[in-house]
1. Read through the list (1) over 19 Å from Q1 (Cα atoms); (2) open to solvent by less than 30 Å² (accessible area, probe 1.4 Å), then give the number of the only condition that A24 fails.
2. Determine which single condition R101 fails, assuming it passes every other condition in (1) surrounded by 15 or more Cβ atoms within 10 Å (Cβ to Cβ); (2) assigned to a loop (DSSP other than H, G, I, E, B).
3. Is there a residue being modelled with pLDDT under 95, β-branched (V, I, T) and in a strand (DSSP E or B) anywhere in segment 31-42?
4. Given (1) in contact (Cβ under 8 Å) with a residue 24 or more places away in the chain; (2) open to solvent by less than 60 Å² (accessible area, probe 1.4 Å), where does L47 come up short, assuming only one miss?
5. Going by the structure shown, is Q3 touching a residue at least 12 places away in the same chain (Cβ under 8 Å) and open to solvent by 30 Å² or more (accessible area, probe 1.4 Å)?
6. For G108, indicate whether it is under 11 Å from the mean Cα position of the chain (by Cα) and on the phi > 0 side of the Ramachandran plot.
7. Of (1) open to solvent by 40 Å² or more (accessible area, probe 1.4 Å); (2) touching a helix residue (DSSP H, G or I) at 6+ places or on another chain (Cβ under 8 Å), M82 satisfies all except one. Which?
8. Is segment 75-87 home to any residue that is in a strand (DSSP E or B), hydroxyl-bearing (S, T, Y) and over 22 Å from G10 (Cβ atoms)?
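The values are calculated or read from the model by the stated rules, or taken from the named source; none is laboratory data. If you're wondering where the values come from, they're calculated on a predicted model, not measured in any experiment. Here Cβ is always computed from backbone atoms with ideal geometry, including for glycine, and neighbour counts include all displayed protein chains. The area values use the complete protein model at the heavy-atom level, side chains included, leaving out ligands, DNA and RNA. Shrake-Rupley method; radii C 1.70, N 1.55, O 1.52, S 1.80 Å.
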Amino acid sequence: QVQLVESGGGLVQAGGSLRLSCAASGSIFSIRTMGWYRQAPGKQRELVAAFTVGGRTSYTDSVKDRFTISRDNAKNTVYLQMNSLKPEDTAVYYCKLDNFRSVYWGQGTQVTVSS
């Protein structure tokens with residue numbers, strides 16, 4: 001089993017910044033992909049940013065140039081630096097890990113951006 005623990009969410013004014021962290025532990029073995037998704041009320045969960053196969057990064061268009069995904073391989077942790085936040089970024093942010101055997105999700109962390 002793999003455990004994902006997210007942190008860093010909160011309430012911020014538009015234009016502000018937050019940094020999310022996701023620490024993976026347990027029987028990780030090898031990571032295929034790891035990244036962040038979000039789900040706003042009444043909407044489907046969507047990819048925000050992720051490290052894909054081969055270590056490349058992928059971002060949804062609405063966050064390009066504002067969000068940056070990074071990782072610390074020694075700590076099995078990924079980060080999401082979110083700058084210039086907008087009210088439409090308000091959502092529950094989830095960490096996802098695919099280790100070639102299964103897909104794991106974190107419990108989610110709320111990000112609320114006030115206008």
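1. (1)
2. Against the list (1) surrounded by 15 or more Cβ atoms within 10 Å (Cβ to Cβ); (2) assigned to a loop (DSSP other than H, G, I, E, B), R101 comes up short only on (1).
3. Within segment 31-42 (the criterion being modelled with pLDDT under 95, β-branched (V, I, T) and in a strand (DSSP E or B)), the answer is yes, since at least one residue qualifies.
4. (1)
5. Numbers: touching a residue at least 12 places away in the same chain (Cβ under 8 Å): yes; open to solvent by 30 Å² or more (accessible area, probe 1.4 Å): yes.
Yes; evaluated as a whole, the condition is true for this residue.
6. For G108, the condition - under 11 Å from the mean Cα position of the chain (by Cα) and on the phi > 0 side of the Ramachandran plot - is met.
7. So the condition that M82 fails would be (1).
8. Looking for residues that are in a strand (DSSP E or B), hydroxyl-bearing (S, T, Y) and over 22 Å from G10 (Cβ atoms), one finds none in segment 75-87, hence no.
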